[in-house]
1. Using a simple spin-label model with points 7 Å from Cα along the Cα→Cβ vector, what separation in nm is obtained for LEU67 and SER212?
2. For the stretch 3-84, what is Rg from Cα atoms divided by 2.2 N^0.38 Å, rounded to two decimals?
3. Give the residues of the stretch 1-25 whose amide nitrogen is closer than 20 Å to a point set 7 Å from the Cα of TRP55 in the direction of its Cβ.
4. Once you list every other residue whose beta carbon is under 14 Å from the beta carbon of ALA52, what net charge do they have if Lys and Arg are +1 and Asp and Glu are -1?
5. Along the charge dipole of the chain, which of ALA255, VAL142, PHE82 sits closest to the positive end, that is, farthest toward it, with unit charges on the beta carbon of Lys, Arg, Asp and Glu (+1, +1, -1, -1)?
6. So, with +1 on the Cβ of K and R and -1 on the Cβ of D and E, and no other charges, what is the size of the charge dipole of the chain about its Cα centre, to the nearest 20 debye?
7. Treating the beta-carbon of each Lys and Arg as +1 and of each Asp and Glu as -1, no other charges, what is the dipole magnitude of the stretch 3-84 about its Cα centre, to the nearest 20 debye?
8. Could you work out Rg/(2.2 N^0.38 Å) for the chain, with Rg from alpha carbons only?
Amino acid sequence: MSTEKAAVQFVRLQEIMDELREKCPWDRKQTIQTLRQQSIEELYELTDAISAEDWKGIKEELGDLFLHLVFYAKIGAEQQQFTLEDVLAGINEKLISRHPHIYGDVVVKDEDDVKRNWEQLKLKEGKKSVLSGVPKSLPAIVKAMRLQEKARQVGFEWDNATQVWDKVQEEMAELQEAVAAGNADSMEDEFGDLVFSLINYARFLQLDAEHSLERTNKKFIWRFTQMEARATAKGLQLQDMSLAEMDALWNEIKAEKSAH
C-alpha cells in the first residue's frame with residue numbers, strides 16, 4: 001500500500017474514532033485507566049501472533065493496537081493534554097534527533113554504535129540513568145534483558161560467553177549453598193541471581209530468553225495435553241496413575257515428536 005493510501009485509511013480510523021466516541025455508549029465511557037488493561041492484553045495477543053509467525057494475526061493485532069493509540073490520543077485531546085498531531089510530531093522529532101548518523105554528520109560503524117549514541121543522547125536530554133527508560137511493569141525476564149542491554153551500551157559487559165557461563169556456574173553453586181543452609185530469603189536471592197545470569201548467557205548466544213522460555217512452555221503444554229489424551233484413551237485419569245506410568249507416557253510422546 002502506498003503512503004497516500006495508508007494516510008487515507010489512517011484519517012478514516014480517526015473519523016471512526018470520533019464517531020464512536022460521540023455515539024457509542026461503551027466507547028464514550030472509556031478512560032485511559034479502563035483502556036490500560038485492554039491495551040496490555042492486545043499487546044500480548046500481538047506477541048503471541050509474532051511468536052507463532054502468524055502474519056494474518058499480526059496484521060489484525062496491529063490494527064487493534066492502532067485503534068488503542070488513536071483512542072488514547074482522542075482522550076488526550078478531550079482532556080486538553082495533547083493531540084494526535086502532538087504525539088506524531090513528538091516521535092518524528094525524537095527519531096530525527098536520535099539518528100544523527102542519518103540526519104546529521106555523525107559517523108557510525110555498526111548497530112552497536114547506533115545503540116550507544118542513542119543512550120548518550122537520552123542522557124543529554126535529561127535522563128539520569130541509562131536504566132531509567134526500562135518500564136517498572138515489564139515482565140521480569142524482559143526487564144532483565146533490557147537492563148543488561150542498556151548496561152552494555154556504556155561498556156558494563158563481559159568480554160565473551162565463556163565468562164558469562166562461569167558466572168552462571170558460580171551463581172548455581174551459591175544457590176546450592178543457600179539451599180543447604182535452609183535460608184528461604186537467601187534461596188530466593190540466589191535463585192534470582194542465577195536466572196539473571198542465565199538470561200545474560202542467552203543474550204551472549206544471541207537468543208531471546210523470553211521467546212526461548214515461551215517455546216518450552218508451548219512444548220510442555222502440547223506434551224502434557226497429549227499425555228492426558230492418551231491416558232483418557234486407555235480409560236485412565238492422570239491423578240490415578242503413578243509417576244512412573246506418566247513418565248513412560250511422557251517419554252513416548254517426546255520420542256515421537258523428536259522423530260518427526
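1. Here the answer is 3.7 nm between the modelled labels.
2. Relative to the 2.2 N^0.38 Å estimate, the stretch 3-84 comes out at 1.18.
3. Within reach of a label on TRP55: 1-3, 6.
4. Result for the neighbourhood of ALA52: -2.
5. Most positive-ward Cα: PHE82.
6. Numbers: 34 positive and 48 negative charges, 141 e Å.
The calculated dipole for the chain is roughly 680 debye.
7. Numbers: 10 positive and 16 negative charges, 72 e Å.
Here the stretch 3-84 has a charge dipole of around 340 debye.
8. On the way: Rg = 24.7 Å, N = 260, 2.2 N^0.38 = 18.2 Å.
Computed over Cα atoms of the chain, the ratio equals 1.36.
No lab work stands behind these numbers, since they all come straight from the coordinates. The shown structure was predicted, so the numbers you read here are calculated from the model rather than taken from an experiment. Every residue, glycine among them, receives a Cβ derived from its backbone with ideal geometry; neighbour counts consider all protein chains shown.
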